[in-house]
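Peer 1: Before we start, here is the structure in question, set down as structure tokens.
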Amino acid sequence: MKRLSVLLVAVLLIASVFPALAQEGESFVTVMHYFTGTLGRESLNQIFQEFQHETGITIFDNPIGHEDFKTTILVMAAGGDLPDLFSYWAGARVQFVVDSGALAPIDELWNANNLDAVVPASIAQGATLYNGARYLIPFGYHYAGFFYNPAVMEAAGITEFPATWDEFKAMCDTLLASGVTPIALGSMNRWPAQFWFDYLLLRTAGPEYRAALMAGEASYTDPQVVRVMELWKELVDKGYFVPDANAYDWTDAADQVANGEAAMTLMGTWITGYWNGQGLEPVTNYDFFPFPAIDEGVPNAVVGPVDGFVMSANAAHPVSAQKLLLYLLTDTDAQAVWAVGQGALSPNVNVDPSIYNDVMSRAADTVAAADTFAFNYDLATTPPMAEGGLDLFAKFMNDPAGYQTYLEETQAVAVQVFGGS
């Protein structure tokens, strides 16, 4: 409650600034975003400065930490106090705000600039369309895979990486025998654990069932979900994870892999930006492999988020806002700065692929070869349901033995969110 009170005060202070700026005319645009990490912040500052230099439009830039942003932006949307533009995660979170009437469609901008020729169809279809209209400009996207320490793998005698679940477990056993914990996970903020649930469900029940679960059309007590938790529990029980995952955040887990305490972590490609910032070299100091197959005949899905920008329905500076939206996507130099600095993949097909290092290039190839690109859990279901699911993952990592109870509790949340029984 204390944290929420602080957030509400912050929202009121932010909101009090935006109306005053509305008098500045169309040479001004207000922006909020959650890119507060050092590398992301520096890259975005560079992009904003170049936009201001080229257009003469001043950007009022207000960054808010990732976790606080989730609450702050919804409070502001409910109060009608949104900035002109704000960053948001494509998928169910954008859908939630679209359904509230807080966002402006951007179909005219999209069509007038032939953005279908700029954004790959898979990204455009899944990330930009809501209720049949365009609402989001994609800025960058990420892929979640196993990022590992090559020296640790080599020391354990591992030169080939698993394509199947049995091969994955055998590799983990080899790592344990060599004296290294196979997997780092920093689930202090809950969301890093979601990739395990996502991939285990996608590799067994498949994308269609997962979509049904995300929409409240399947139950968390179904055999398909129970099996996921049993597969996950087996890994924990065998000692494959670094103990006390909930005591660490994702950068702690990245550090554990980098310094050799653990061999690998299941994380998004932004981890490469983090490691690059620490002076680690791709291929030499870190590399990746995809999540292995589990059941035969299940479509190959990859998991990750698409970061984008949306425009509020009551934007005070809509013309300037649309100019910035277009610039963020179509300026290939801006896209390159963001991709390299953030460890992201570009949604602009015109960006020179040579900007990617070898690891990121192969990650892009992995995404291109997949049957399905699926948003990670907390972007694939509604924000209220996402909170219930993230609680499930945190409880599980604290005490895997209670997974049946956690699933029943999560299904109770699903009934409250979606209805049914």
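Peer 1: To the nearest 20 debye, what charge dipole does the range 205-299 have about its Cα centre, counting +1 at the Cβ of each Lys and Arg and -1 at the Cβ of each Asp and Glu?
Peer 2: My answer is approximately 80 debye.
Peer 1: Also: For a bin width of 20 Å, list the pair-distance distribution of the chain built from all Cα-Cα distances, rounded to whole %.
Peer 2: Each 20 Å bin holds this share of Cα pairs: 26, 58, 16, 0.
Peer 1: Output wanted: per-residue J couplings in Hz (rounded whole) for the range 191-200, from phi through Karplus 6.51 cos²θ - 1.76 cosθ + 1.60, θ = phi - 60°, x for Gly and Pro.
Peer 2: 4, x, 6, 4, 5, 5, 4, 4, 5, 4
Peer 1: In a GNM of the chain with a 10 Å cut-off on Cα contacts, which of L407, L345, L185 has the highest mean-square fluctuation?
Peer 2: Residue with maximal mean-square fluctuation among L407, L345, L185: L407.
Peer 1: OK, next. Would you please put 106-117, 172-183 in order of how densely packed they are, using the mean number of other Cβ atoms within 10 angstrom per residue and starting with the highest?
Peer 2: The densest-packed peptide leads the list: 172-183, 106-117.
Peer 1: Around A374, which amide H atoms from residues at least 5 apart in sequence, or from another chain, sit under 5 Å from its own amide H, with H modelled in the peptide plane?
Peer 2: V302, V303, G304
Peer 1: Using the Karplus curve 6.51 cos²θ - 1.76 cosθ + 1.60 with θ = phi - 60°, work out ³J(HN,Hα) for each residue of the range 244-249 in order, rounded to whole Hz, and write x for Gly and Pro.
Peer 2: Ordered by residue, 3J(HN,Hα) equals 6, 4, 6, 8, 10, 9 Hz.
Peer 1: Past 25 Å, Cα to Cα, is the threshold; run K238/K395; K70/K169; K169/K395 against it and keep the listed order.
Peer 2: Cα-Cα > 25 Å for K70/K169; rest within.
Laboratory data are not the source of any read-out in this text; all were calculated from the coordinates shown. None of these values were measured; they are calculated from a predicted model. Note that each Cβ is placed from the backbone with ideal geometry, even for glycine, and that neighbours are counted across all protein chains shown.
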